[in-house]
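What follows is a set of notes on a single structure, which appears directly below.
The numbers here are math on the coordinates, done by the rules we state, and not lab data. Everything numeric in this text was worked out from a predicted model, so none of it was measured. In this analysis, Cβ positions are derived from the backbone assuming ideal geometry, glycine residues included, and neighbour counts consider all displayed protein chains.
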Amino acid sequence: MSAIPRTRPSRQGQQQQWPKLAELAGQIKNGERSAVEVVEACIERAEAAEDYHGILKLEITAARERAEQIDQLVADGETEGVLLGVPFLAKDNFLTNGQAETTAASHMLETFTAPYQATAIEKLEAAGAIMLGKTNLDEFAHGSSTENSAFGSTKNPYDPQRVPGGSSGGSAAAVALNIVPFALGTDTGGSIRLPASFCGTVGYKPTYGLVSRFGVIAMASSTDVIGPLTRSSHDAGFVLDVLAGRDGRDSTTIAREETYHIGEPAELSGLRVGVIKEHMGEHVGRGMRSATWEKIKALERAGARVEEVELPHDSVALAIYYIIAPAEISSNLARYDGIKYGYYTSSADSLEETYLQSRGEGFGDEPIRRMLTGTFVLSSGYQEAYYKKAQKVRTLLRGDYETVFGTYDVLAGPMSPTTAFKLGEKGDPVAMYQSDDLAISANLAGIPSISLPAGEIDGLPFGLQLQAPAGRDKRLLDIAAAVEGVI
Amino acid sequence: MTRISRDDITKLGHLARIGISEEVAGTLAPQLEGILDYVAQLQEVDTEAIEATNQVTGLRDVWREDEVIPSHYSRAELLANAPATQDGYIQVRRVL
């Protein structure tokens, strides 16, 4: 089970974990706790953990008002909503129309007030959950450490000298610090699961298309997904059940399964587990490999049939991603033009100068690197050799998965090559990109993947990654719940 | 390997409408070269007769009824984020 962060703010109560989401909502409904009390506890914890800089902005007034309303509803006997009174935080690339700006942690959107809300936020609020505020991220979700935030790095709850992972680092840190019972993140190339593994929380990346992205700031549209960071796979399933399903405002959404609530965990005995060979090679730290094998042995002891499997094109997954993602980024970020909204330069005297200056000054280094890379791989003369080539190799990678999922129920391996690294350690862009080496295949294939807290290596948490075929989210969650019980 | 010069960066910046100073272009050039060098490993993969993946859902032509859906956003709210407006329109600087 998940460990409690070693380095904690001194204020009492900080260490106390929230009960499971269903239980917490139940306590609020039966009057055992008030929503106001829960919201106040979250605010207190957030303030006590300010030094970690996981949160960009709290919506204190709105959250208090909503909590009071909910307590009144409960007093009147109205207790609808599976998340009634449960507070959460959202990564600051979800559009929210409260007091807080939606910034994507970029100067480009520093003053942007969203006129509408993301479907994910609307669904959670409709289920009774209370939006408490917005968490830090790498600018426009471009990064693996949250160091690319224009508003300062988030620190790892286990060691403030280290990164929380990224790009959903603020959400992961907030859940690890028990500020809120759950938080939302986005995962384009590992951005939920990597920080989950670095901070010792559960991180869930659903099947591509399962959760509406309406109102979420687009990064790479062919891999962007939304998912929860939680304390358990039960809670991940609980949140996913609220979020999943078709949305008329996002035509890429797919049909949902009946439920994502975990009832009985899956039977591990006889479960066919494939250990991804390419995720256990020399590029993965020795400590990480042996710690992961230990956990896999535990699955074997529980009766799982474990074998090594090969995904031959997994070794080039990161290269595929760093062509396709920048290409899509350069297209998606074209909308920030300094005219409709966002940062603009008042000194520009022509339309073109407005574009050049506003974008040059508003964006930070990493978005600029990615837009330029994307522009290069899409430019005439290079498109065939880079972009088209990457799309074809992506087909081969998807084929690899199809083959192994013919034989195995679930694939397993480490979530990341190492545990959390030090702030400032990875100055070279490619070295930073390689942190997501083991996460990215799932994004390219569009399959669900979960990072489960699997213990610690030298005092730092690490995650066990499980992957399942597209559309089998419920099955993956059931398996995760069983795995959680034995690792 | 693909060589990227400062001029290439400035040119790409112009294509992407991102103003980049000489100095920054000097930093970005070797970084972009490093990224392109890294992704070049794909050239060794045989993709003869392989179809490109554009998307993974398999969804095609998602239709909806041709019905008017009333918007609950006010014009003022939508214009509030624009740096310059006039008479309810977004103002742009001269084009030519």
| Restricting to the protein assembly as shown, what percent of DSSP beta bridges are antiparallel, rounded to 5? | 65 percent
| field | Volume per residue that the Cα convex hull of segment A:21-243 spans, once the total is divided by residue count, Å³ | value | 99 Å³
| If you keep only loop residues by DSSP, which GluC sites (Glu not before Pro) in chain B have at most 14 other Cβ atoms within 10 Å of their Cβ? | B:GLU48, B:GLU51, B:GLU65, B:GLU67
| field | Förster radius 25 Å - calculated FRET efficiency between A:GLU264 and A:GLU78 (Cβ-Cβ, nearest 0.05) | value | 0.20
| query | Hey, what's the Cα Rg ratio for segment A:244-300 versus the globular rule of thumb, 2.2 N^0.38 Å? | reply | 1.76
| Mean residue ellipticity at 222 nm from the helices of chain B, using -39,500 (n - 2.57) per DSSP H segment of n ≥ 4 over the full residue count, to the nearest 500 deg cm²/dmol? | -10500 deg cm²/dmol
| field | Spin-label model distance (nm) - A:HIS283 vs A:VAL430, 7 Å beyond Cα toward Cβ | value | 1.1 nm
| request: Per DSSP H run of at least 4 residues, take -39500 (n - 2.57); add these up for chain A, divide by its residues and hand me the 222 nm value, nearest 500 deg cm²/dmol. | output: -11000 deg cm²/dmol
| task | Can you tell me the equivalent ellipsoid semi-axes for the protein assembly as shown? Use √(5λ) from the Cα gyration tensor, largest first, whole Å. | result | 34, 31, 23
| field | Under 18 Å from the Cα of A:LYS29 - lysines, other chains or at least 8 residues apart | value | A:LYS20
| field | Distance in nm between pseudo-label sites at B:GLN43 and A:GLU384 (7 Å out along the Cβ direction from Cα) | value | 1.5 nm
| Of A:GLY413, A:GLY427, A:GLY364, which is farthest on the positive side of the dipole of chain A, counting Cα position, with +1 on Lys and Arg Cβ, -1 on Asp and Glu Cβ, and the Cα centre as origin? | A:GLY413
| field | GluC sites (Glu not before Pro) lying in DSSP loop within segment A:48-147, provided at most 12 other Cβ fall within 10 Å | value | A:GLU78, A:GLU80
| Between their Cα atoms, which of A:LYS155/A:LYS277; A:LYS205/A:LYS474; A:LYS392/A:LYS426 are more than 20 Å away from each other? | A:LYS155/A:LYS277; A:LYS392/A:LYS426
| remark: Quick calc: nm separation of the 7 Å Cα→Cβ label points for A:GLU50 and B:THR27 -> 3.0 nm
| Sequence-separation-based contact order of segment A:1-158, relative, with Cα cut under 8 Å and 6+ spacing, percent | 27 percent
| remark: So the compactness index of chain B, its C-alpha Rg divided by 2.2 N^0.38 Å, takes the value 1.82
| query | Assigning unit charges at the beta carbon (Lys, Arg +1; Asp, Glu -1) and nothing else, what dipole magnitude in debye, to the nearest 20, does chain A show about its Cα centre? | reply | 840 debye
